[in-house]
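The values are calculated or read from the model by the stated rules, or taken from the named source; none is laboratory data. It should be emphasised that the depicted structure is a prediction, and the values quoted were computed from it without experimental measurement. Quick reminder, even Gly has a Cβ in these numbers, built from the backbone with ideal geometry, and neighbours come from all protein chains shown.
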Amino acid sequence: MIEVEGLTQVFGDKTVVDDFSFTVQPGGVTGMLGPNGAGKSTTMRMIVGLDRPVRGSVRVNGRDFRLSTTPLRDLGALLDPTALHPGRAGRVHLQALAATNGISRSRVDEVLDLTGMAEAASRRVGTYSLGMRQRLGIAAALLGDPQTLVLDEPVNGLDPDGVHWVRELMKHLAAEGRTVLVSSHLMSEMALTADHLVVMGRGRLITQGPVAEVIAQATQSDVLVHSPESDRLAAALSGIGATSRTAPDGALLVTNVTAAQVGELAASLSIPLHELTPQQGSLEDAFLALTKDDQEYVAGGMPSDATRNGAQR
């Protein structure tokens, strides 16, 4: 378990993390989401003891991780896959970590096989692609077979097969009862991977909870209805407090009512239905809605034709 209470970090005159509290329970994957500059990486660095907070506390499995005498066995972390000596072979990098943590060399071979890095293990890290460095970083995080994992953007640079592998790995580790905290900017991937979410913006907690609850609180649920008598159905729906709008293909998008209520109303009026589908907003929709006031870096929109023409001259 990871317990964060009132965490605050200040760099110069900027408060990067502001009275931030949340809990990561074992047995599930918790996704940490936030715009660029929200404070996710800084929070993770404080969890693993690389940065000392100005205020607040972090407990990993009930104690301060900085006091651990077996750090790789207590917590595995991937924070920066590029923070590797370029002239050192991947296997040597892991062997050095193992030696300083009382971990056998056979475990090095196990994590190299697990991450698909066995064949490249004798090559220098400087020759690795970003995806290969990610895999080596995950191997290092798993080296001590830890109960708790903290992974910052672990699928960055991976191909689709690698992304799928990381997703299944995190689910498997969580199913074993481990604590898994992961950050990502890929909303579609988090929707497939995470059980719970912690959403932050400008260093503060915006919301946290199960994925479905976070999406439900931030997005509008519609019921998609196809009917040859859509006008009559829309009028009847307005009588029970529902709101209908017409999609480009003529379907009705109905809010403030459930699919069951639409079906029952249509049946009572003998209105035929060709489709009746509940529609839930996406995690991306929820994320954009929740963080719309906390975007620190906002693009200026698409360039106009005049701007493009000016750049070509």
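Which ranges mark the helices (runs of 4 or more DSSP H) fully within segment 213-313 that have 1 or more residues being modelled with pLDDT of 90 or more and under 30 Å from residue 32 (Cα atoms)? Result: 283-291. A residue that is over 24 Å from residue 147 (Cα atoms), modelled with pLDDT under 95 and not small (Gly, Ala, Ser) cannot be found anywhere in segment 45-64. Close contacts from segment 253-280, counting a first residue that is free of Cβ contacts under 8 Å to residues at least 12 places away in the same chain and a second that is not in a strand (DSSP E or B), with Cβ to Cβ under 9 Å and a gap of 6+ residues or different chains, come to 267/273; 268/236. Check whether at least one residue in segment 143-152 is part of a helix (DSSP H, G or I) and surrounded by fewer than 21 Cβ atoms within 10 Å (Cβ to Cβ), and report yes or no. Within segment 143-152, not a single residue is part of a helix (DSSP H, G or I) and surrounded by fewer than 21 Cβ atoms within 10 Å (Cβ to Cβ).
Filtering 244, 270 for residues that are buried (at least 17 other Cβ atoms within 10 Å of the Cβ) and either of a type in the set (Ser, Thr, Tyr) or assigned by TED's automatic domain parsing to the domain that holds residue 31 (or both) leaves a single hit, 244.
Residue count for segment 130-147 under the criterion of being closer than 18 Å to residue 106 by Cβ, under 20 Å from the mean Cα position of the chain (by Cα) and not hydrophobic (A, V, I, L, M, F, W, C): the result is 0.
In segment 130-139, is there at least one residue being modelled with pLDDT under 95, over 21 Å from residue 21 (Cα atoms) and surrounded by fewer than 19 Cβ atoms within 10 Å (Cβ to Cβ)? Looking for residues that are modelled with pLDDT under 95, over 21 Å from residue 21 (Cα atoms) and surrounded by fewer than 19 Cβ atoms within 10 Å (Cβ to Cβ), one finds at least one in segment 130-139, hence yes. Note on segment 191-215: among residues that are buried (at least 23 other Cβ atoms within 10 Å of the Cβ) and of a type outside the set (Val, Ile, Thr), the one that is farthest from residue 30 (Cα to Cα) is 203.
Only residues that are touching a strand residue (DSSP E or B) at 6+ places or on another chain (Cβ under 6 Å) and either at positive phi or free of Cβ contacts under 8 Å to residues at least 40 places away in the same chain (or both) were counted in segment 187-237, giving 5.
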